[in-house]
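Novice: Have a look at the structure that comes next, please.
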Amino acid sequence: MMKKNEPLTGSHPLLPNLDQEIIDEMLLKIGAGSVEELFSDIPSDIRLKRGLRLPEGQSESVVRRDLQSRLASNKTPPNSLCFLGGGVWPHYIPAAVESVVSRQEFYTSYTPYQPEISQGMLQALFEYQSLMCDLLGMEACNSSMYDWASAAGEAARMASKVTGRRRFLLCGDIGPTRLEVIRAYVSPMDLELESLPFDVRSGATDFSALSSRITSDVAGVYVENPNYFGVLEEGLLDLSARLHEKGGLLVVGVDPLSLSIVKPPGKYGADIVVGEGQPLGIPMNYGGPHLGIFAVKDLRLARSMPGRLIGMTSEKDSEQKAFSMVLQTREQHIRREGATSNICTNQSLMAVAASCYLAMLGKTGLRRLGEVIISNSHYAAKRLSRVDGVASPLFKGPFFKEFAVGYEGTRAVSVYRKLASKGVLGGYPIDRGFRLGREAGLFCVTEVHTHADIERLAVALGEAVMR
Amino acid sequence: MSRKGRVGYIPPLDPKIKKSVGPPSSYIPRELRREDDGGGDALNLPELSELQVLRHYNRLSQMNFSVELGMYPLGSCTMKYNPKVSEMIASSDGMRHAHPLQPEETVQGLLSVLHELGEMLSEITGMHRFSLSTAAGAQGEFAGVLMIRKYLRDHGLSEKDEILVPDSAHGTNPASAAMGGFKVVKVPSGESGLVSAKVVKELASESTAGMMFTVPNTLGLFEGEVVEVSKAVHDAGGLMYYDGANMNALLGKTRPGDMGFDIVHLNLHKTFATPHGGGGPGAGPVGVTERLAEYLPVPVVSKGKSGYYLDYDLKQTVGRLKGFVGNSAVLLRAYAYIRLLGADGLASVSSLAVLAANYLWSLLDSEAYPVTHGKGMRRKHETVVSVRSGLPGGAMQSAKALLDYGVHAPTVYFPLIVSEALMIEPTESEPVEFLDEYASALNRISRELKEGRLGNVPRNTSVGRVDEVKASHPSTLKVRW
């Protein structure tokens, strides 16, 4: 039998005016005979005559129990070990960071359109921009994009628009999902994407072959550092010099935590930096919300940037420092079809988390974190090299927290699934499209992993590769 | 306050690992190292204790207005209450620690939620299928525009290069159309504030790829000729895109699919009560009718013989717009919200949201706050009034004055077709008593404005009127400390 479209009766915690007496008073003031009359401007042939086919509403205790039990069935830390990376990585989130982002003053507010009552969010975002500039070695950072991949897509678009050129080069060792997103973002543009070869021994881009391809019609080059295989790219200073000589822009994608001990892109000629801010105090959340980083070196480029920017100013009638959104004429709500991007809602709360995270660790803590991560990852790579039937690390290039492991006579996808069945998530199969000529999986080791965790991984991997 | 060596958190190094590894710097070639020798490379982050950091952010939070502090009727943003239980659920380990690349068989619980959510959104909008991957409304729009583009090309219609957008539309619509490589053709609203099918028919041509349409529109008016408008665009061979920013008015009342739309995005942070996070995150899932189902951005969550999985096998997909899956933790909250309300509850949300908007409007002094369009028509989820103070900047003055009453201002100066606009969306969350107070504050402000007694507002905020002009220089985008 078809359910009728009937209003809810009784009380509901989310609907304070659900009370016939209140409704009648409101209708009286409006001068309407019924709530239904307020919808009489909807032509009757498109009115929904039946009720929506959805479950009945339930009390929060019921909904909470159901969802918590379904989520508890997921195999995740702390009940499983996670050694997966690829653009989202397991890191520890200090309790104080969680406490700050769970303050409703931050999370139930919106875009700071009224700066006088939004100084808290504005200042937090301004501090995020400042701290990120220091970490990246850049001059201007926006207050967030959706994620790394979409930031990379926007960067490719921006490089083409700023230079007026139609060729954009991508390193062959960038993350495959980033590659797909960049493709989709530039698909409506007249922009040709070209992939650069990498060296299957080092796992890094082969820049020697690159020089001849950088000509004066290249809008830019996108390189990830560390790249998808976790390998740090060498030779970027030469690349940027060559590129700048020809008037192109260098776009670098980063894991911000690597910059605790690795030279920041601003120091080797990056014009635009994008990246994933998730390791800075943001949960993995099965893919989001995360934090897209977008920064530029030259302040003149700031006017062509996508996304929201916060600036420091003062009160109108005094020198009292204050913050507000700036350069809004780039944005869609003012410039409409002429805007630098259509982005409106962004990931502000995640930017607050990141700025709080950077403040919590500070100069000393962040450096120490980088040292712990690189120690753990190198210990793990070495430990896995003692497992029969695997080559670890597969590539010879230097790495930060991720490394590829090659398998003999076993399919990577089977190792990945067998590991998961043993409560160890890791060894994400490296796509055959990379043409490594062998089966391999990607592992990520960070500060959350202990000696015992790595031992458990080694044992599980040994069992998983056994034929 | 920063002091050398001070930290809020220090990560541990396992002593057993420390014993068997070399110095960390030995793993990085010299030219790639970030040296810590005080040179140009060195990090310059502040060095603070945990308590210092907390005091700083807690103080900042006290300088920030939010839904849980007071009424926040920002038009077009649907600042409704965000149920606490959704936050509790989203803080589960099974959500926070789930990695997007872990095998699907290890994350069935969450995938079942996402799959059900997609089906629920299809039912609510009258669409055939949803992709949950897009991160915000604007990204949903970009996905929609890319689908229009690809669909037309696949049907040999690549010469269609214009998208119709009403002059009352959100700025994201023309911006998304332009990002998708289309020319934007502005559709003028009539005096009523509505788009007429006749005008659309005149503008539609063989170049028309589609139309982006917001219903109810940004004036809060239901577009009564939407069916005829859809038909006119379809007759010209174009596709209809529904901007779901204002869906809070229509849950269970009518559905975009029944109005003739082909593509829909929903802003889950608006209609489905996920928190706005000071500007984000949101989620902007995009749904389509059957003929466009294979064009959706990937992945979509499908159900197969051995369970739920991330489906990349869509033959005509416009591709991937986000690195991983979607804003899953936002999607989970929206699902919880739908479960809390159910079918009847959602219909009541729209009833009460529309009731609140019309009620608040009825309390306003109609000479001080007249409507410029659609006189005599009922409003849906929001009301746009024009501030008639006889003074330029009346809307801005009124908005700033409101801040002193412990409430947030409406959206100002939007939509662009209304001069001195205040766009008020109270939502169904707001108890009637607060609607009364808000209206009486606005009425008092208009009297003070007219009589020149308003003075320098705001007075009670953490800072006085902010100089936004002075801020608009790129050199103020970061600070040295």
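The values are calculated or read from the model by the stated rules, or taken from the named source; none is laboratory data. None of these values were measured; they are calculated from a predicted model. Counting neighbours? That spans all protein chains shown, and the Cβs are built from the backbone with ideal geometry, glycine included. Keep in mind that these areas ignore ligands, DNA and RNA; they rest on the heavy atoms of the full protein, side chains included. Shrake-Rupley method; radii C 1.70, N 1.55, O 1.52, S 1.80 Å.
Novice: For the list (1) surrounded by fewer than 20 Cβ atoms within 10 Å (Cβ to Cβ); (2) more than 10 Å from chain A (Cβ to nearest Cβ), I need the number of the one condition that residue B:418 fails.
Specialist: If we test residue B:418 against (1) surrounded by fewer than 20 Cβ atoms within 10 Å (Cβ to Cβ); (2) more than 10 Å from chain A (Cβ to nearest Cβ), just (1) comes out false.
Novice: Here is a follow-up. Out of the residues in the stretch A:389-437 meeting the condition of being over 22 Å from the mean Cα position of the chain (by Cα) and assigned to a strand (DSSP E or B), tell me which one is farthest from residue A:204 (Cα to Cα). Even if it seems obvious, please write down each step before you answer.
Specialist: Narrowing the stretch A:389-437 to residues over 22 Å from the mean Cα position of the chain (by Cα): A:389-398, A:405-424, A:432-437.
From the residues that got through so far, the ones that are assigned to a strand (DSSP E or B) too are A:390-391, A:405-407, A:424.
Values: A:390: 20, A:391: 17, A:405: 15, A:406: 16, A:407: 20, A:424: 28 Å.
Selected residue: A:424.
Novice: Tell me whether the stretch B:229-239 contains one or more residues that are acidic (Asp, Glu) and in contact (Cβ under 8 Å) with a residue 40 or more places away in the chain.
Specialist: no
Novice: Would you point out which residue out of B:345, B:390, B:307 is out of contact with any Ser or Thr (no Cβ under 9 Å at 6 or more places or on another chain) and more than 7 Å from chain A (Cβ to nearest Cβ)?
Specialist: Result of the check over B:345, B:390, B:307: B:390.
Novice: Those residues that are assigned to a helix (DSSP H, G or I), at pLDDT 95 or above and not hydrophobic (A, V, I, L, M, F, W, C), I need them from the stretch A:337-362; list them, please.
Specialist: Within the stretch A:337-362, A:348, A:355, A:357, A:362 qualify.
Novice: Have a look at B:472, B:440, B:446, B:462 and point out the one that is in contact (Cβ under 8 Å) with a residue 40 or more places away in the chain and within 9 Å of another protein chain (Cβ to nearest Cβ).
Specialist: B:462
Novice: Determine which member of the set A:185, A:146 is over 15 Å from the mean Cα position of the chain (by Cα) and either within 14 Å of another protein chain (Cβ to nearest Cβ) or free of Cβ contacts under 8 Å to residues at least 12 places away in the same chain (or both).
Specialist: A:185
Novice: On to the next question. One residue is enough: does the stretch B:47-61 have a residue meeting the conditions over 27 Å from the mean Cα position of the chain (by Cα), facing another protein chain (nearest Cβ under 7 Å), assigned to a loop (DSSP other than H, G, I, E, B) and touching a residue at least 24 places away in the same chain (Cβ under 8 Å)?
Specialist: Yes, the stretch B:47-61 contains a residue that is over 27 Å from the mean Cα position of the chain (by Cα), facing another protein chain (nearest Cβ under 7 Å), assigned to a loop (DSSP other than H, G, I, E, B) and touching a residue at least 24 places away in the same chain (Cβ under 8 Å).
Novice: Kindly provide the set of residues from the stretch A:334-357 that are surrounded by fewer than 24 Cβ atoms within 10 Å (Cβ to Cβ) and either of a type in the set (Val, Ile, Thr) or not assigned by TED's automatic domain parsing to the domain that holds residue A:153 (or both), ordered by number.
Specialist: Once the filter is applied, which keeps residues that are surrounded by fewer than 24 Cβ atoms within 10 Å (Cβ to Cβ) and either of a type in the set (Val, Ile, Thr) or not assigned by TED's automatic domain parsing to the domain that holds residue A:153 (or both), the stretch A:334-357 yields A:334, A:340.
Novice: Let me ask something additional. Out of A:298, A:255, report the one residue that is in contact (Cβ under 8 Å) with a residue 24 or more places away in the chain, over 18 Å from residue A:237 (Cβ atoms), of a type in the set (Asp, Glu) and assigned by TED's automatic domain parsing to the domain that holds residue A:332. I'd like the intermediate steps shown before the answer.
Specialist: Working: A:298 fails: over 18 Å from residue A:237 (Cβ atoms).
Every option except A:255 fails the conditions.
Conditions (1) out of contact with any Ser or Thr (no Cβ under 9 Å at 6 or more places or on another chain); (2) farther than 29 Å from residue A:264 by Cα, marked per residue:
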{"residue": "A:357", "(1), (2)": "yes, no"}
{"residue": "A:368", "(1), (2)": "no, no"}
{"residue": "A:381", "(1), (2)": "no, no"}
{"residue": "A:400", "(1), (2)": "no, no"}
{"residue": "A:406", "(1), (2)": "no, yes"}
{"residue": "A:411", "(1), (2)": "yes, yes"}
{"residue": "A:415", "(1), (2)": "yes, yes"}
{"residue": "A:425", "(1), (2)": "no, yes"}
{"residue": "A:442", "(1), (2)": "yes, no"}
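Novice: Follow-up. Among (1) closer than 30 Å to residue B:169 by Cβ; (2) open to solvent by 10 Å² or more (accessible area, probe 1.4 Å); (3) aliphatic (A, V, I, L, M), there is one condition residue B:48 misses while meeting the rest; what is its number?
Specialist: The failed condition is (1).
Novice: Quick check: anything in the stretch B:454-467 among the hydroxyl-bearing types (Ser, Thr, Tyr) and farther than 24 Å from residue B:354 by Cα? It would help to see each step written out before you state the result.
Specialist: Applying the first criterion (among the hydroxyl-bearing types (Ser, Thr, Tyr)) to the stretch B:454-467 yields B:461-462.
Retained after the next criterion (residues that are farther than 24 Å from residue B:354 by Cα): B:461-462.
Yes, there is a match, as at least one residue in the stretch B:454-467 is among the hydroxyl-bearing types (Ser, Thr, Tyr) and farther than 24 Å from residue B:354 by Cα.
Listed here are the residues, each with its yes/no results for (1) touching an Asp or Glu at 6+ places or on another chain (Cβ under 9 Å); (2) surrounded by 20 or more Cβ atoms within 10 Å (Cβ to Cβ).
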{"residue": "A:21", "(1), (2)": "no, no"}
{"residue": "A:34", "(1), (2)": "no, no"}
{"residue": "A:37", "(1), (2)": "no, no"}
{"residue": "A:50", "(1), (2)": "no, no"}
{"residue": "A:67", "(1), (2)": "no, yes"}
{"residue": "A:74", "(1), (2)": "yes, yes"}
{"residue": "A:92", "(1), (2)": "yes, no"}
{"residue": "A:97", "(1), (2)": "no, yes"}
{"residue": "A:108", "(1), (2)": "yes, yes"}
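Novice: Ok, one more. Tell me which residues, restricted to the stretch B:2-22, are of a type in the set (S, T, N, Q) and within 7 Å of chain A (Cβ to nearest Cβ).
Specialist: Looking only at the stretch B:2-22, we keep the residues that are of a type in the set (S, T, N, Q), and these are B:2, B:20.
The answer is B:20, and nothing else.
Novice: Within the stretch A:438-456, how many residues are within 13 Å of another protein chain (Cβ to nearest Cβ) and either under 27 Å from the mean Cα position of the chain (by Cα) or surrounded by 19 or more Cβ atoms within 10 Å (Cβ to Cβ) (or both)?
Specialist: Residues that pass the stated criteria total 12.
Novice: Out of A:58, A:104, A:114, report the one residue that is open to solvent by 10 Å² or more (accessible area, probe 1.4 Å), in the same structural domain as residue A:308 (by TED's automatic domain parsing) and not aromatic (Phe, Trp, Tyr).
Specialist: Values: A:58 fails: in the same structural domain as residue A:308 (by TED's automatic domain parsing); A:114 fails: open to solvent by 10 Å² or more (accessible area, probe 1.4 Å).
Of the residues listed, the single one that is open to solvent by 10 Å² or more (accessible area, probe 1.4 Å), in the same structural domain as residue A:308 (by TED's automatic domain parsing) and not aromatic (Phe, Trp, Tyr) is A:104.
Novice: Please list, ordered by residue number, the helices (runs of 4 or more DSSP H) wholly in the stretch B:169-268 having 2 or more residues that are crowded, with 24+ Cβ neighbours inside 10 Å and within 22 Å of the chain's Cα centre (by Cα).
Specialist: B:172-179
Novice: Here is a check on your reading of the model: is residue B:25 in contact with a strand residue (DSSP E or B) (Cβ under 8 Å, 6 or more places away or on another chain), facing chain A (nearest Cβ under 8 Å) and outside any loop (DSSP other than H, G, I, E, B)? Outline the logic, then answer.
Specialist: Details: in contact with a strand residue (DSSP E or B) (Cβ under 8 Å, 6 or more places away or on another chain): yes; facing chain A (nearest Cβ under 8 Å): yes; outside any loop (DSSP other than H, G, I, E, B): yes.
When the stated conditions are applied, residue B:25 passes them.
Novice: On the basis of being in the same structural domain as residue A:292 (by TED's automatic domain parsing), in contact (Cβ under 8 Å) with a residue 60 or more places away in the chain and over 18 Å from residue A:270 (Cα atoms), does residue A:160 make the cut? It would help to see each step written out before you state the result.
Specialist: Details: in the same structural domain as residue A:292 (by TED's automatic domain parsing): yes; in contact (Cβ under 8 Å) with a residue 60 or more places away in the chain: yes; over 18 Å from residue A:270 (Cα atoms): no.
Here the answer is no, as residue A:160 does not meet what is asked.
Novice: Right, next: If a residue counts only when it is outside the structural domain of residue B:419 (by TED's automatic domain parsing) and open to solvent by less than 10 Å² (accessible area, probe 1.4 Å), which strands (runs of 3 or more DSSP E) contained entirely in the stretch B:300-391 have at least 1 such residues?
Specialist: Filter on the stretch B:300-391 gives B:300-304.
Novice: List every residue pair whose Cβ atoms lie under 7 Å apart, where the two residues are 6 or more positions apart in sequence or sit on different chains, the first residue falls within the stretch A:372-387 and is more than 7 Å from chain B (Cβ to nearest Cβ), and the second residue, located anywhere, is open to solvent by 30 Å² or more (accessible area, probe 1.4 Å) and not in a helix (DSSP H, G or I).
Specialist: A:381/A:393
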